[in-house]
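What follows is a set of notes on a single structure, which appears directly below.
The values are calculated or read from the model by the stated rules, or taken from the named source; none is laboratory data. Remember, predicted model here, so these are calculated numbers, not experimental data. So basically every Cβ, Gly included, is an ideal-geometry build from the backbone, and we count neighbours across all protein chains shown. Note: areas computed on protein heavy atoms with side chains; ligands, DNA, RNA excluded. Shrake-Rupley method; radii C 1.70, N 1.55, O 1.52, S 1.80 Å.
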Amino acid sequence: MDSILVTGGKPLRGEIAIAGAKNAALTLMPATLLSDEPLTLTNTPRLSDIKTMTALLQSLGAEVSALADGKVMAMSSHGLNSTRADYEIVRKMRASNLVLGPLLAREGHAIVSLPGGCAIGARPMDIHIAAFEAMGATIDLKDGYLHATTQGGLKGGVVKLRFASVGATENVLMAATLAKGTTIIENAAREPEIVDLATCLRAMGAQIEGDGTSRIEIQGVDRLHGATHPVVTDRIELGTYMLAPVIAGGEVECLGGKLSLVESFVEKLTEAGITVEETDRGLKVRCDGGRPKAVNVTTEPFPGFPTDLQAQMMAMLCFAEGTSVLEEKIFENRFMHAPELIRMGAKIDVHGGTATVHGVEKMKGAPVMATDLRASVSLILAGLAAEGETQVNRVYHLDRGYEHVEEKLGAVGAQIERIKGQ
Ligand code: UD1
C-alpha cells in the first residue's frame, strides 16, 4: 500500500488548481440513470471514488467513458438492464446509495444493498427510506438489501426530512424529477452540491425551484433529455489547500475558489488572524509566519462549518496560540485523526463529540496511520509544519478524495513524495 512522506518546514508559495467536487460528481453521475439520452460531465475530479461509481453504473447497464484524461465523463443509460446495486460495490462507498432514487423514478423498482458502517459512524438510511415511502414506494429489507417497489411509479407529495441529510435530499431530488405531480422537500439540505445537482437536472429538462434553501419544489415531468454540465468546484479540497500556507507559512492562491463556497470556514480563518483575499482567479491565503490564534469550531449542515473540513482545521489548531474547542455535530466518530496528531506532539483531549486542542509551538514528524479520507489529509497538513519526516500510511483513503495531492503540494514548494507500496 502506498504512503506519503512529508518533510516539514518548507514555506509554500504559488498556485493550486482546485478540482471539481467529489461529492457533486458522485451525485451527478447517477443522474444519468434518469434519461436514455447522454449526460456529459466536465471538470470531473480524477479519484478512485469516481471509478467506483463508474463500476456501479456499468453494472446497471450504463455506458460510462472517462475522456480528456478523466476530466470528462461521458455517460449514457439507454441500455439500462439492471436495477440491482450489488453489495460488492456499495460497501466500498456510501454514495452508491444515490442510485436508488433514479432507479426507482425510471423503472419503478430497485434493489440496493445497504452500505453498512463506515469509519466515521453508523450512517443509516432511514431518512432516505421514509422519504421514498412518502412518495408511495414500499421498501423492505431482505438479505441486507433494500427492496423498493412502487405501484405504477413514484408520486409527488410533501417529503419532510427529519434531518437535512445531504444524500437523502439528493436522492429525493433526482427521483422527484420523474414522479407524478409535485414534490416538496421540507428541511432540505442546502449544500452547494445540491444546487449543482439541481442545475444539471434543470439542464436535462427538470422543473425545480428553491434549491439552496430548505424548501425545494419539484414538478415531475415525463422524461429528461441529455445535457452537458460542469461539476462545481470542490469546496473541501479548496478549504484543505487554503489551510496549507496557514500551517506551513507562505502564500497560496487556490484557483477556482469562491468565497460563497466556504464562507463559514473563512470566517474562522479571519477570526484566527489569517488574511484571505478573493481575486478574479480564486482565493489567496497569506500567512506571515506568526501562529494563528485559537478559535472554537462547531460542525453543522451548510452554510455552517463543514464536517469534511473539521480534521484539517484541527491540524491547524494544533499549532495555534491558545486553546480551541472543536465540536463535531454531524458524525459521531470523527476524531480518529486526534490520536495520530497526538503521536506528532499535539495536545488534544477528546470527550465524546468534543475535542479540546491546546496549541503547541512545534510538532515532530512521525509514522502515522490514515483512518479516513479527511483524516489522512489532516495528517499531511500537520506534516508540512512538523519537524522532520512524517510518513502517512494507508493512503488509499486519500486517493478516494484528493487527486495528485503530492503533485499539487509539491508544486508550491512542499517537500512531499509518494512511496509506492508493494
Ligand atoms: C454527505 C457527503 C459526506 C459529508 C456529509 C455531511 C457525499 C457523497 N458525502 O454524506 O462527505 O461528510 O454529506 O456533509 O456527498 N443520517 C441518518 N439517516 C439517513 C441519512 C443520514 O441518520 O438516512 C445521518 C448520518 O448518519 C449523519 C448525518 O445524518 O450523522 C449526515 O448525513 P448525510 O448528510 O446524509 O451525509 P451523507 O449524504 O452520507
### Boolean, V357 is modelled with pLDDT under 95, touching a helix residue (DSSP H, G or I) at 6+ places or on another chain (Cβ under 8 Å) and away from the ligand (no atom under 16 Å from the Cβ)
no
### Message
Condition check: under 20 Å from A19 (Cβ atoms), open to solvent by less than 20 Å² (accessible area, probe 1.4 Å) and under 18 Å from the mean Cα position of the chain (by Cα). Does A244 satisfy that?
### Response
no
## Note on the structure
With criteria (1) under 19 Å from the mean Cα position of the chain (by Cα); (2) of a type outside the set (A, V, I, L, M); (3) within 16 Å of the ligand (Cβ to nearest atom); (4) surrounded by fewer than 23 Cβ atoms within 10 Å (Cβ to Cβ), S113 comes up short on (1)
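Out of the residues in the range 130-160 meeting the condition of being charged (D, E, K, R) and more than 28 Å from the chain's Cα centre (by Cα), tell me which one is nearest to the ligand (Cβ to nearest atom).
Per the stated criteria, the residue is D140.
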### Message
Given the condition over 30 Å from E387 (Cβ atoms), at pLDDT 95 or above and polar (S, T, N, Q), answer yes or no: does some residue in the range 216-227 qualify?
### Response
yes
### Task
Select from the range 201-214 the residues that are touching a strand residue (DSSP E or B) at 6+ places or on another chain (Cβ under 6 Å) and part of a strand (DSSP E or B) and write down the one among them that is surrounded by the fewest Cβ atoms within 10 Å (Cβ to Cβ).
E209
### Query
Do the conditions hold for F163, that is, is it crowded, with 24+ Cβ neighbours inside 10 Å and within 13 Å of the ligand (Cβ to nearest atom)?
no
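Considering only residues of the range 382-402 that are crowded, with 21+ Cβ neighbours inside 10 Å and assigned to a loop (DSSP other than H, G, I, E, B), which is modelled with the lowest pLDDT? Write out each step before concluding.
Taking the range 382-402 and keeping what is crowded, with 21+ Cβ neighbours inside 10 Å, we get 382-386, 390, 392, 395, 398, 401-402.
Next, from what is left, pick out any that are assigned to a loop (DSSP other than H, G, I, E, B): 386, 395, 402.
Numbers: A386: 97, V395: 88, Y402: 94.
Ranking the candidates gives V395 first.
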### Message
Quick check on the range 326-333. Is at least one of its residues at pLDDT below 95 and either away from the ligand (no atom under 15 Å from the Cβ) or among the basic types (K, R) (or both)?
### Response
no
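Just a yes or no: is a residue in the range 334-349 under 27 Å from N43 (Cβ atoms) and open to solvent by less than 50 Å² (accessible area, probe 1.4 Å)?
no
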### Query
Exactly one of (1) open to solvent by less than 40 Å² (accessible area, probe 1.4 Å); (2) among the small types (G, A, S); (3) more than 16 Å from the ligand (Cβ to nearest atom) is unmet by S59. Its number?
(1)
#### Entry: Condition broken by L379, with the remaining ones in (1) at positive phi; (2) outside any loop (DSSP other than H, G, I, E, B) satisfied
(1)
### Summary
Matching residues in the range 231-241 (touching a Lys or Arg at 6+ places or on another chain (Cβ under 9 Å) and within 21 Å of P292 (Cα to Cα)) number 5
### Message
Looking at (1) out of contact with any Leu (no Cβ under 8 Å at 6 or more places or on another chain); (2) among the hydrophobic types (A, V, I, L, M, F, W, C); (3) open to solvent by less than 10 Å² (accessible area, probe 1.4 Å); (4) farther than 30 Å from T213 by Cα, which one does A311 not meet, given that it meets all the others?
### Response
(4)
